[in-house]
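One structure is given below, encoded as structure tokens.
The values are calculated or read from the model by the stated rules, or taken from the named source; none is laboratory data. This structure is a prediction, so every number in the text was calculated from the model and none was measured. Cβ placement follows ideal geometry from the backbone for every residue including glycine, while neighbour counts extend to all protein chains displayed. Quick note on the areas: whole protein, heavy atoms, side chains included, nothing else; ligands and nucleic acids left out. Shrake-Rupley method; radii C 1.70, N 1.55, O 1.52, S 1.80 Å.
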Amino acid sequence: MPIRAELHCHTYRSKDSLLLPHQLLEVCRKRNIDRLAITDHNTIAGALEARALDPERVIVGEEIMTTEGELLAYYLAEEIPAGLKPNEALRRLRAQGAVISVSHPFDRMRGGSWEEAALEAIAGEVDAIEVFNARAWSAEANRAAQRFAIRHGLTGTAGSDAHAAPEVGRVVMLLQAFDGADGFREALKRAQIVGRRSSPLFVHFYSRYAVWRKRMGWLPKG
């Protein structure tokens, strides 16, 4: 029986989220999400906190800002800093056996999108492309990512990109049960995407509110 996996999610460790790890895990339990990849911006701290609470459910991930665009990585043992050139970030990720995807590559309304030439340059070095991101400002951004993945024979990943509880599980992937990074890679090849896009104005308001609240010194408390 397939399992339900949320592969792109944030906690309060991202500058634009207020979601605490225990809150995120509770939402996942209520929504029957079996595996959860926490992919905070440029840190694995939130993922490690969550894994300590629910090690069977949580995959330690990170959304990494390189000099060309953002990468998504899964099964990390060590954090990758922001600001590296893509080839250096990829080298460090491969050295720890991480599964590597690319975040919302063609969503031009957001930071972290990629110029196609830069993406072409790393296509042979990644495992997947995020072909469906629920926060994409336009459906065309996801379609462009799907076309790129097909053209290069790459597996697709998908996720809600949740920064707040109502978004969690908006998009999930149905995968056969897997264990570890290699099992995850194989399961992705036969995965099914289930879900739909979020309302961009609504969900991006959550992020702006989180940034503003943190600037004002109002921090989430467990």
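Could you identify the single residue in Ala118, Ala141, Ala145 that is touching an Asp or Glu at 6+ places or on another chain (Cβ under 7 Å), surrounded by fewer than 18 Cβ atoms within 10 Å (Cβ to Cβ), more than 30 Å from Glu56 (Cα to Cα) and at pLDDT 95 or above? Full working, then the answer.
Numbers: Ala141 fails: surrounded by fewer than 18 Cβ atoms within 10 Å (Cβ to Cβ); Ala145 fails: surrounded by fewer than 18 Cβ atoms within 10 Å (Cβ to Cβ).
After applying the criteria, what remains is Ala118.
In the range 1-55, what residues are open to solvent by 50 Å² or more (accessible area, probe 1.4 Å), over 24 Å from Gln176 (Cβ atoms) and acidic (Asp, Glu)?
Those that are open to solvent by 50 Å² or more (accessible area, probe 1.4 Å), over 24 Å from Gln176 (Cβ atoms) and acidic (Asp, Glu): Glu26, Glu49.
Take Val171 and decide whether it is open to solvent by less than 10 Å² (accessible area, probe 1.4 Å) and of a type outside the set (S, T, N, Q).
Values: open to solvent by less than 10 Å² (accessible area, probe 1.4 Å): yes; of a type outside the set (S, T, N, Q): yes.
So Val171 fits the description; yes.
Being in contact with a His (Cβ under 9 Å, 6 or more places away or on another chain), part of a strand (DSSP E or B) and hydrophobic (A, V, I, L, M, F, W, C) is the filter here; which residues of the range 133-173 pass it?
Of everything in the range 133-173, those that are in contact with a His (Cβ under 9 Å, 6 or more places away or on another chain), part of a strand (DSSP E or B) and hydrophobic (A, V, I, L, M, F, W, C) turn out to be Ala158, Ala162, Val171.
What number of residues within the range 178-219 are part of a loop (DSSP other than H, G, I, E, B) and open to solvent by less than 70 Å² (accessible area, probe 1.4 Å)? Walk me through it before giving the result.
Start the filter on the range 178-219 by keeping residues that are part of a loop (DSSP other than H, G, I, E, B), which leaves 178-179, 189-191, 196-199, 216-219.
Narrowing further to those that are open to solvent by less than 70 Å² (accessible area, probe 1.4 Å): 178, 191, 198-199, 217.
Adding up the residues that qualify gives 5.
So how many residues does the range 21-55 have that are within 18 Å of Ala89 (Cα to Cα) and either in contact with a Gly (Cβ under 6 Å, 6 or more places away or on another chain) or part of a loop (DSSP other than H, G, I, E, B) (or both)?
5
If you go through the range 104-131 one residue at a time, how many are over 14 Å from Ile64 (Cβ atoms), hydrophobic (A, V, I, L, M, F, W, C) and part of a loop (DSSP other than H, G, I, E, B)?
2
Among the residues of the range 56-77 satisfying the criterion of being within 19 Å of Ala89 (Cα to Cα) and free of Cβ contacts under 8 Å to residues at least 24 places away in the same chain, which is surrounded by the most Cβ atoms within 10 Å (Cβ to Cβ)?
Per the stated criteria, the residue is Glu62.
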